Amino acid sequence: MDSRWASGNSFSIILPTLNEGDNIVPMLDTLVGLYPKASIVIVDDNSKDGTVQKAKEFGEGRDITVIERDPDKKGLTASIMDGILAAKTDLFVVMDSDFQHPPSSVGDLVEKLHEGNDIVIGVREDRGKLSSARRFASWGADAMARSYLRFKRQQLSIDTMSGFFGGRTKLCRSVIEKKGDKFEMKGFKALFDLLKFVPKDTKIAEVEFKFNSRRSGQSKLSSTIIFSIMRQCGFGGKMLAVAMSFFLTNVLGRYVAALGFGLLFTFGVLNITGTFLSPVFTYSIVVAMLLAIAYLVVANKLLFTTGSKNGVIRGMKLVYSGFTGYLISLYVFYTIFSDITEVQMLFLFLGFGIGFAYDSISVLLKK
Ligand SMILES: Nc1nc2c(ncn2[C@@H]2O[C@H](COP(=O)(O)OP(=O)(O)O)[C@@H](O)[C@H]2O)c(=O)[nH]1
Ligand SMILES: [Mg+2]
């Protein structure tokens, strides 16, 4: 135990939980050992693995509160907000319950608050523990969030996306009370929402910490988190999220986009090569593409909504849908335009290929 925290200095540790049955008791045990004076607030979103029971059992006779949230209002940001509103101490720290945020660093954040800062952000020293896809997404999200904060003339942090942060309860509570309806309740980035609305003279500090791997269980982050972060970036961001999720995840949207790219590409190449476009040739390409890409989008949807996540099997599925889709386009083209030449086949192949690439990427991006 760190002697700094053995007496006085009470603060709240807010732990959002969703199915952390294997982590919660070790986590509480560690925190109670390190910070015996701290109040712990667990905010659970209807976990199905006994998290709540285990937390309550451990919490008996201790300063540990378990908030069981309304199952219809699930959300990480909403949970963190509830935790801050329930905190009874002047200071609080929010952290993950899976040991990704080291319990030993909580004290560093609290110390910075004691030094007079209003919000302290734990910044990840080593992001190598994230997968490369997560690192890339996190870089994009961070860039977007920082631009939005800059646009709003709010203060920035080098890690706006951090889930490990502390603050003055009164200040954050008043932000939540005034602006809470503008928070992305189902979002994952409560700190970003707070930073958007804190008074401009808020004192913000950063503390580095060593980012660990999740100890047990699985990440609850969904692959659509990027849309959730976009929705946090004002009206423009919300519109962008609607448009992007329509064109990437909606079947009709994927069809429109894949068809648009396919046709644009085919006619673009035809144009550049100065190929003569007779009306029947144009018509044949359009009809062939309309039908073949409709087939492709439906086939990909059916093939990828169920079944194995194995890379080889998924690759084989793609080869299958791509190949059969191309055969359909060729068949339709040939039916209307029987004297097809190799050059025309190539244009069709390229155009369909672009539509295919678009649809396959969007289907693979989905979990
Ligand atoms: N109450 C609540 N907690 C959540 C929710 N989603 C995630 N958590 C918790 O928030 C913390 C961070 O989530 P995690 O899945 O580890 O996200 P990651 O670290 O970004 O992969 C963990 O303690 C989770 O149990 C949610 O919807 N509601
Ligand atoms: Mg985690």
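The values are calculated or read from the model by the stated rules, or taken from the named source; none is laboratory data. Being a predicted model, the structure only gives us computed values, none of them experimental. Glycine also receives a Cβ, built like all others from the backbone with ideal geometry; neighbour counts cover every protein chain displayed. Just the protein is used for accessible areas: all its heavy atoms, side chains included, with ligands, DNA and RNA removed. Shrake-Rupley method; radii C 1.70, N 1.55, O 1.52, S 1.80 Å.
Details
- Selection from the stretch 333-367 of residues that are aliphatic (A, V, I, L, M) and open to solvent by less than 50 Å² (accessible area, probe 1.4 Å): Ile340, Leu348, Ala357, Val363
- Against the conditions (1) in contact (Cβ under 8 Å) with a residue 60 or more places away in the chain; (2) in a loop (DSSP other than H, G, I, E, B); (3) within 16 Å of ligand 2 (Cβ to nearest atom), Met185 satisfies every one except (3).
- The stretch 220-261: number of residues that are surrounded by fewer than 15 Cβ atoms within 10 Å (Cβ to Cβ) and within 16 Å of ligand 2 (Cβ to nearest atom): 4
- Condition broken by Trp139, with the remaining ones in (1) within 20 Å of Leu221 (Cβ to Cβ); (2) in contact (Cβ under 8 Å) with a residue 12 or more places away in the chain satisfied: (2)
- Selection within the stretch 78-108 - of a type in the set (A, V, I, L, M, F, W, C), out of contact with any Pro (no Cβ under 9 Å at 6 or more places or on another chain) and over 23 Å from Gly180 (Cβ atoms): Val106
- Across the stretch 290-332, the number of residues qualifying as open to solvent by 80 Å² or more (accessible area, probe 1.4 Å), farther than 14 Å from Asn250 by Cα and among the polar types (S, T, N, Q) comes to 1.
- Considered as a group, the residues in the stretch 60-77 that are in contact (Cβ under 8 Å) with a residue 60 or more places away in the chain and out of contact with any Phe, Trp or Tyr (no Cβ under 8 Å at 6 or more places or on another chain) include one that is farthest from ligand 2 (Cβ to nearest atom), and that residue is Lys73.
- Residues of the stretch 162-174 that are open to solvent by 10 Å² or more (accessible area, probe 1.4 Å) and either in contact (Cβ under 8 Å) with a residue 60 or more places away in the chain or within 16 Å of ligand 1 (Cβ to nearest atom) (or both): Gly163, Arg168, Lys170, Arg173.
- Test: residue in the stretch 131-152 that is crowded, with 16+ Cβ neighbours inside 10 Å, part of a loop (DSSP other than H, G, I, E, B), of a type outside the set (Gly, Ala, Ser) and within 16 Å of ligand 1 (Cβ to nearest atom): no
- Candidates are the residues of the stretch 102-127 that are open to solvent by 50 Å² or more (accessible area, probe 1.4 Å) and away from ligand 1 (no atom under 13 Å from the Cβ); the one that is nearest to Val43 (Cα to Cα) is Ser104.
- Answer residue from the stretch 188-219, given it is within 16 Å of ligand 2 (Cβ to nearest atom) and crowded, with 19+ Cβ neighbours inside 10 Å and is nearest to the chain's Cα centre (by Cα) among those: Phe188
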